[in-house]
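Each value in this text was obtained by applying a stated rule to the coordinates, not by laboratory testing. The shown structure was predicted, so the numbers you read here are calculated from the model rather than taken from an experiment. Neighbour counts are summed over all protein chains in view; Cβ atoms, including those assigned to glycine, are modelled from backbone coordinates with ideal geometry.
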Amino acid sequence: MACVFCDSSGGALIWQDALCRVVHPREPDYPALCRVIWNQHVCEMTDLSAPERERFMRVVFAVEQALRDMLQPDKINIASLGNAVPHLHWHVIPRFRDDRHFPGAIWAPPMRVPAVRALPSAFATLLQEHLRTARP
């Protein structure tokens, strides 16, 4: 079975190590959304050992903190669904009160025309630096 996260990076590569990677998929309505993807094809967190789960979540939390520091969102959503792509990954999504779906999930029906929100010009570089400093 073909898997988009086995066959491609899943977005612009921001950071990686031997176990996982952080990518920026450039979602139009959520320009700062990031994914943290486990490199090996597994479907569930319980497919990982306890140390692997801990390591993976340290990366997710480092991405969350970096996005909070950089963008000061009203909320961060962290989601691991995997129904459409059954390869273990987490979405880290900065949310703002004026975004298209707030307070609903980004997959819910839209509630308004989205506000135009520009990312810092060097978003990927800034995020890489935050993760390098955090050493998740």
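Based on C-alpha coordinates, I'd like the Rg and Dmax of the chain, in Å.
Computed over the Cα atoms of the chain, radius of gyration and Dmax are 14.7, 43 Å.
So if each residue of separation counts as 0.36 nm, and I subtract the Cα-Cα distance between Q72 and L19, what length gain in nm does that give?
16.2 nm
Spin-label point model (7 Å from Cα, Cβ direction): what's the S121 to R58 distance in nm?
Once both label points are built, they end up 3.5 nm from each other.
Between M111 and C6, what length comes free when the chain is fully extended (0.36 nm per residue of separation minus the Cα-Cα distance, one decimal in nm)?
Stretched fully, the M111-C6 segment lengthens by 34.4 nm.
Would you calculate, for the chain, the mean residue ellipticity at 222 nm contributed by helices, counting each DSSP H stretch of 4 or more residues as -39,500 (n - 2.57) and dividing by all residues, to the nearest 500?
That calculation yields -9000 deg cm²/dmol at 222 nm.
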